[in-house]
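Everything on this sheet refers to the single structure shown next.
The values are calculated or read from the model by the stated rules, or taken from the named source; none is laboratory data. Bear in mind that the values here come from a model prediction, so they are computed numbers and not experimental data. As a convention, Cβ positions derive from the backbone with ideal geometry for all residues, glycine included, and neighbour counts pool all protein chains shown.
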Amino acid sequence: MLHIIILKEACLRMSLSKGLRTLLVMNVVSNIVFIYVAIFINLYIWEQGQNIFDVSWYNMMLLLAWGIAYSIATRMLSRWSIRLLMSLSASFGAIAFLLLSLLELDNRLLWITLIGIPVGMMQGIFSTAHNLSITVLGQDKEIGHYLAITNIMGQILNMSIPLITSQIIKWFEYGGSFVLMLIFIMMMLMLSLRLPPISLQNHVTKETIKPRVSFSNIFQFPQAKWFLISCLTTGIILQFQNLFALLFTFSVTSDKTMIALLNTCYTTFALLALWAYRKFKVKESMWLVISVVFLGCGLLLMLIPLPVVRITSNIVTTIGMFYFLTIVVSQQLKMTAGSLDIVKRSHMLVWREWMYVVSRVFMLLFMMRITNFTDPLFIGLAIFVVLCLLTISYIQGKLMARTQDASVQMSSNG
């Protein structure tokens with residue numbers, strides 16, 4: 001309830017429209033579910049065998065379902081509103097937690113697959129509906145306020161939800177936490193009916209929607225090659241850091257309260273990174289270099305098989321990943337600002353998601369073959385990711401240079 005009180009106060013102070021206020025509440029409720037999923041479903045699978053393959057397989061199924069859901073949901077928005085999409089997202093979430101509560105199979109791989117698919121569908125559909133809602137609902141000033149509140153609430157939730165749910169698991173086991181998540185999913189379902197009926201119906205025609213989905217029609221701009229390379233490289237780096245940050249935490253302690261406290265520690269350092277980002281006026285290119293230094297050092301620390309070093313590695317890579325995603329994602333989105341209409345932009349974002357999915361699944365195919373953290377394959381992948389990091393400044397520099405050239409050309413033609 002405290003989260004809702006803080007949220008209402010923030011909305012009143014920043015005078016958000018009714019549509020954005022409802023979307024904000026939906027965002028908070030869904031984030032509670034997504035934070036739980038990111039930590040405790042992975043932990044639930046890990047505890048049943050401490051097998052890197054199982055966790056990697058679950059994440060691969062989740063990602064594939066995410067990409068398919070994102071593509072289908074974008075197409076659906078040309079006919080239906082975000083109300084239906086948010087309802088579907090909640091429904092898939094309900095299926096996932098019901099399966100977790102009730103389904104028992106001898107075939108473990110099939111069981112993990114049946115859990116990963118609805119979780120991925122839930123997140124992929126939600127992501128599509130949420131992204132379009134922000135684009136359509138907000139004016140420039142409102143979007144800034146919305147994102148500011150979302151960021152603050154996200155940090156509060158990242159610090160509090162793991163601690164709260166870890167205690168529920170401690171006292172009522174996983175079954176009790178699954179029931180709690182089902183309650184939040186029912187709240188998502190009710191909130192979805194109160195959202196504004198936003199869709200792409202007013203922005204698309206039968207003549208234009210089909211050709212615009214194709215890869216060749218979307219990526220006709222001169223910076224397309226560097227955009228695609230940027231997305232693929234980002235996916236590789238992101239997947240390696242995300243999965244092993246979790247697994248390192250799980251390998252250090254099996255105590256769920258300690259896992260939650262470590263997650264709070266990582267979030268605290270991410271907040272310090274955010275403070276430094278706002279405090280010091282540094283060029284984007286320099287922040288990118290700083291991110292590469294932090295990530296590179298953190299990845300090399302992963303190779304030292306000591307618990308305290310693994311936690312230090314997670315802290316260092318958390319700081320690096322904050323700067324990395326802040327700059328890289330911002331630059332990727334700048335590329336489309338002002339140059340693509342809303343329909344073409346939505347389809348371009350689908351391809352962007354798929355580039356992430358392809359590169360992350362590529363990494364998972366190798367990661368699931370790792371047997372332990374001293375495996376030569378693990379060391380080889382860590383070195384490969386470091387090499388990818390060393391190229392990212394060059395890739396982003398080329399992307400932004402081509403984007404600037406295209407902007408100048410459009411201005412002169414105008």
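Just a few scattered comments:
- Test for Ile315: is it out of contact with any Ser or Thr (no Cβ under 8 Å at 6 or more places or on another chain), in a helix (DSSP H, G or I), farther than 20 Å from Leu247 by Cα and at pLDDT 90 or above: no
- Scanning the stretch 140-152 for residues that are within 23 Å of Arg83 (Cα to Cα) and of a type in the set (A, V, I, L, M), we see that the one that is modelled with the lowest pLDDT is Ile143.
- Only one entry of Val343, Val361, Val308 meets the criterion of being out of contact with any Pro (no Cβ under 9 Å at 6 or more places or on another chain), crowded, with 16+ Cβ neighbours inside 10 Å and at pLDDT 90 or above, and that entry is Val361.
- Residue in the stretch 67-84 that is touching a Leu at 6+ places or on another chain (Cβ under 7 Å), within 22 Å of Val179 (Cβ to Cβ) and not assigned by TED's automatic domain parsing to the domain that holds Arg352 present: no
- Selection count where residues are of a type outside the set (D, E, K, R) and touching a Lys or Arg at 6+ places or on another chain (Cβ under 9 Å), scope the stretch 169-189: 1
- The listed residue being in a helix (DSSP H, G or I), at pLDDT below 95, outside the structural domain of Ala73 (by TED's automatic domain parsing) and small (Gly, Ala, Ser), out of Ser230, Ser254: Ser230
- Residue in the stretch 69-78 that is at pLDDT below 95, in contact with a Pro (Cβ under 6 Å, 6 or more places away or on another chain) and either crowded, with 23+ Cβ neighbours inside 10 Å or of a type in the set (S, T, N, Q) (or both) present: no
- Test: residue in the stretch 129-139 that is within 30 Å of Ile45 (Cβ to Cβ), modelled with pLDDT of 90 or more and out of contact with any Cys (no Cβ under 9 Å at 6 or more places or on another chain): no
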